[in-house]
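The structure appears right after this line, and notes come after that.
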Amino acid sequence: MRPDLAEQLLRAELEKADLAKIVDLTGCGFGSLMFERPALARELLLRIADEKPDQSKDLRTKLIWNARPQSRSITNGRIDPEFLWARERATELAEAHRDDPVLREFYLEIIRHEDREADFHRMRHLQELAG
């Protein structure tokens, strides 16, 4: 779906205030909008922050998960280059929005998740080599 149409769909749901549904939609191929439309990401993050603490944490975690690649390939314990786009884009956006604590922290969280996943695959590969 074109990013502009996807954004319209998510904004329509934002007006209905169904945050859980919006976050679920980001897992249905709309996760890249969090990179393509930082203003939309910011708006969604602020709405999520207004929720009860437990719900807010769950929604934010799910949004971060949905923004990242849902599948990837691994070669010799390393994520293949074509699947590193989320970390690279999050790095660019964290720097571009360094004066916006909402967006900067969101993109830094994505980077941390990507780094943990890369570490996991690297360690798993080393364990397999060790026998």
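Points worth noting:
- Looking only at the stretch 95-120, residues that are of a type outside the set (D, E, K, R), over 11 Å from the mean Cα position of the chain (by Cα) and in a helix (DSSP H, G or I) come to 6 in all.
- Restricting the stretch 72-84 to residues that are surrounded by 13 or more Cβ atoms within 10 Å (Cβ to Cβ) and of a type in the set (V, I, T), the residue that is farthest from H125 (Cα to Cα): I79
This table checks each residue for (1) surrounded by 12 or more Cβ atoms within 10 Å (Cβ to Cβ); (2) assigned to a loop (DSSP other than H, G, I, E, B); (3) touching a residue at least 24 places away in the same chain (Cβ under 8 Å).
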| residue | (1), (2), (3) |
| --- | --- |
| V23 | yes, no, yes |
| L46 | no, no, yes |
| K57 | yes, no, no |
| I64 | yes, no, yes |
| A86 | yes, no, yes |
| A90 | yes, no, yes |
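- Of all residues making up the stretch 33-61, the number that are out of contact with any helix residue (DSSP H, G or I) (no Cβ under 8 Å at 6 or more places or on another chain) and over 11 Å from V23 (Cβ atoms): 5
- Residue in the stretch 68-81 that is in the same structural domain as Q127 (by TED's automatic domain parsing), under 12 Å from the mean Cα position of the chain (by Cα) and β-branched (V, I, T) present: no
- Failed condition for P69, given (1) closer than 18 Å to G31 by Cα; (2) buried (at least 18 other Cβ atoms within 10 Å of the Cβ); (3) not charged (D, E, K, R): (2)
The values are calculated or read from the model by the stated rules, or taken from the named source; none is laboratory data. Nothing here was measured: the structure is a model prediction, and the numbers come from that model. Glycine gets a Cβ as well: all are built from the backbone with ideal geometry, and neighbour counts include every protein chain shown.
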